[in-house]
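The values are calculated or read from the model by the stated rules, or taken from the named source; none is laboratory data. Since the structure is predicted, the reported quantities are computational estimates derived from the model, not experimental observations. In case anyone asks, the SASA skips ligands and DNA or RNA and just uses the protein heavy atoms, side chains included. Shrake-Rupley method; radii C 1.70, N 1.55, O 1.52, S 1.80 Å.
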Amino acid sequence: MPSYVHRCPACGEFEQVRPMSDSAAAASCPDCGASSSRVFGAPGLRAVDPGLRRALDASAATADAPAVVRAVPGRSRRATPVTRDPRHARLPRP
Ligand SMILES: [Zn+2]
């Protein structure tokens, strides 16, 4: 369940864990019991792993400006292995 920050007029801010369906309802202060309104703050953007953030940014960038290939990729350095075993010639072909 998410946590929501509320502000009591007398005691100050406090955090309360409650279901999302009750997010809009006023909470009662744990100290004095007064009705406290919800405080909206910045989302926890720093909680995201930097590697995940880079991956998400790169993924979003490909949607806007995909990388353009201007030439056919060159040959790979390793040649395709060729077998000299005569039994391999009898194997079924796709
Ligand atoms: Zn209070």
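Volume per residue for the chain equals 279 cubic angstrom (convex hull of Cα atoms). Nonpolar atom fraction for the chain, defined as the carbon and sulfur part of the 1.4 Å probe accessible area, stands at 57 percent.
For the chain, the longest principal axis of the C-alpha atoms and the axis of helix 50-64 are separated by about 70°. Calculated mean residue ellipticity, 222 nm, the chain: -5000 deg cm²/dmol, from DSSP H runs (n ≥ 4) at -39500 (n - 2.57) each, averaged per residue and rounded to 500. Using the 1.4 Å probe convention, the accessible area of the chain works out to 90 Å² per residue with neighbouring protein chains retained.
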